[in-house]
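*Asks:* Let me begin by handing over the structure; questions about it come next.
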Amino acid sequence: MAPVRRKNRKRSAARTKGGSQKHPNKDVVGTEISKITCSSGRSKVDLTYKELGVAELQWPAADERELSQEIMRVNPLNRQSILQAPCQKFVVSHWGKTSSLVATGSSSTDSKAWKSGPKSKESTACVHKRKRTGVKEKPTPNYWMMLSDEIILSIFQFLPKKTIVRCARVCKHWQRLMYDESLWHRVDMTKSNLLPGLLGKVLKRGTRVLRIAHAKVASPLCDDNAPFFLDVVPLSPKSPSKSLFNLRLLDATSCSFQEDTLLCLLMQSKQLTHISLESCKVSTAILKAVSELRNLEVLNLAMCTGVTITGICSLVKGGKNSRLKQLNLAWTNLTKATMMQLIKNLPQLQQLNLSGCRETLTDDCIKQLVKSCPQLTHLDVSDGVMLTTQSLEAILKLKNLVWLGVSRCYSIPPVSFSLFTKIKSLKTLQLFGLLNTEGVELLKADLPNVNVNKSFFSTIARPVGSVYLGMIWGVQCKD
């Protein structure tokens, strides 16, 4: 009996041992996943996997497996809560697959909230499926609309004209403000190439002070049917003045006009008071148009070509009713008869420049000038080689004379210059080419209150002195 009992004991021990392997602990079953290994027939298994087109299941590393097991213990098979985990990469064995899940969140507080489970419905929603709730942003206020038009115009007055034209394209409100006449009172287009119709469009904006020195003006002056130019604003529907333009001051020194552009400009600018056509090409029609300007006070025709006797006669006839006070006829090749007629019909002159008239300017002309224009304050008779001491004696009768130029009048002897001490109102005296340095110093000692040979050029009726500082005739022109 003894041997039999031993066999039964061995069988019962084997059964209990096998039963323990078949029925493991429930906690271990819920958390751990057994690893399948094949110690024998490894090559056959690999061939079988290749034939089926699948790969062998690989287990994760030990540290990742332990971390995944911890996740499943806290909240097993809950993908939504895993996505709210801290920003770490976990490899979790889920339903026989190896999936990589990246959670959102980085702080320790986020991880605690994740471990304790979702608190609201919003937190349980998947991150990539959440709807972005658009927050209504408050519209930014338009501070320009809060300002009055006067304040905006005062700001835009500091901008150049090209910037103002660009601002006119922003909106209709700015366009209306940019077309305001106050922004276009002063325009400086020196050395510009003005296309057909361009100058007329600018002038119709209400320009009063214009400088186009050394510029090229194409014909026609104003073409309403011309296409829109980028640097010029459109035309206004009506002009506020009787004439087409409101121009008062015009500086066209050394400007070249095509065809009859200058004539059209003068005929459509009835309110002109200052004109400078120095070194320009004029005609009888242009001088006649100038004579019809009743408000003209300053006229500069120095070194103009095309001056004819008929044109001067028309200018003289119109000068009887004009307000002309400053006139520059330097180097215009006037005849003696024309000059005498001109002098007689301009009694209101206060400043006159007749320099360069070498053969036509004589002592008789100076005597007639002093008789006809007793209010002269500035007189330039430089390069008058025909003038003698008689001319100086006649000039002494001008009681209001302030500025006198007798440079290169070689017929006047240096001894007669002592007569200038009798002119009490004289402040400036120009006599270049007549005295040497010692003679000039002696004359300065005799005339302590007079500036002798201070400037080379005369400024009578000229818009700009030796240097252009953004002003013509003392009026601001450049922004």
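*Asks:* Calculate, for Thr421 and Asp223, the FRET efficiency according to 1/(1 + (r/R0)^6) with r their C-beta to C-beta distance and R0 51 Å; round to the nearest 0.05.
*Replies:* Once rounded, the FRET efficiency stands at 0.25.
*Asks:* To continue, here is another question. Could you give the length gained by full extension between Gln348 and Asn193, i.e. 0.36 nm per residue of separation minus their alpha carbon distance, to one decimal place?
*Replies:* The Gln348-Asn193 span can extend by a further 52.0 nm.
*Asks:* Also: Could the peptides 323-329, 272-278, 157-163, 282-288 be put in order, highest first, of the mean number of other beta-carbon atoms found within 10 Å of their residues?
*Replies:* The peptides rank, most packed first, as 272-278, 323-329, 282-288, 157-163.
*Asks:* Across 5 Å bins from 0, what is the distribution of all Cα-Cα pair distances for the stretch 396-439, in whole percents?
*Replies:* 5, 20, 31, 26, 14, 3
*Asks:* Can you tally the net charge around Ala394? Count Lys and Arg as +1, Asp and Glu as -1, for every other residue whose Cβ sits under 11 Å from the Cβ of Ala394.
*Replies:* Cβ neighbours under 11 Å give a net charge of 0.
*Asks:* Ranking request for peptides 372-378, 251-257: highest mean number of other beta-carbon atoms within 10 Å first, then the rest in descending order.
*Replies:* 251-257, 372-378
*Asks:* Still on this structure, I have one more. In vacuo Debye scattering of the stretch 144-222, one point per C-alpha: log10 I(q)/I(0) at q = 0.15, 0.17 Å⁻¹?
*Replies:* Evaluating at q = 0.15, 0.17 Å⁻¹ gives log10 I(q)/I(0) of -0.56, -0.70.
*Asks:* Separate question: Given the stretch 276-405 reduced to its alpha-carbon atoms as identical point scatterers, what log10 I(q)/I(0) does the Debye formula return at q = 0.15, 0.19, 0.21 Å⁻¹?
*Replies:* -0.64, -1.05, -1.30
*Asks:* How much accessible area per residue does the stretch 407-459 have, counting only protein heavy atoms and a probe of 1.4 Å, in square angstrom?
*Replies:* For the stretch 407-459, the per-residue accessible area is 61 Å².
*Asks:* Give me the distance in nm between label points sitting 7 Å out from Cα along the Cα-to-Cβ direction at Met145 and Ala445, one decimal.
*Replies:* According to this spin-label approximation, the distance is 8.0 nm.
*Asks:* In whole angstrom, and with the biggest value first, how far do the Cα coordinates of the stretch 347-432 range along each principal axis?
*Replies:* Extents along the principal axes: 27, 26, 18 Å.
*Asks:* By average Cβ neighbour count within 10 Å, what is the ranking of 346-353, 421-428, 214-221, 457-464 from highest down?
*Replies:* 457-464, 346-353, 214-221, 421-428
*Asks:* What share of Cα pairs, in percent, lie more than 22 angstrom apart in the stretch 239-318?
*Replies:* Of all Cα-Cα distances in the stretch 239-318, 15 percent exceed 22 Å.
*Asks:* Between Ser411 and Leu159, how high is the FRET efficiency from 1/(1 + (r/R0)^6) when r is the Cβ-Cβ distance and R₀ = 41 Å? Nearest 0.05.
*Replies:* Step by step, r from the Cβ atoms, then E = 0.15.
*Asks:* Next question. Within the stretch 268-285, whose backbone N sits under 17 Å from a point 7 Å along Cα→Cβ of His214?
*Replies:* 277-280
The values are calculated or read from the model by the stated rules, or taken from the named source; none is laboratory data. Every value quoted in this text rests on a predicted model; they were computed, and no experiment measured them. Please note: Cβ atoms are built from the backbone with ideal geometry, for glycine as well, and neighbour counts cover all protein chains shown. Calculation scope for accessible area: heavy atoms of the full protein, side chains included, ligands and nucleic acids excluded. Shrake-Rupley method; radii C 1.70, N 1.55, O 1.52, S 1.80 Å.
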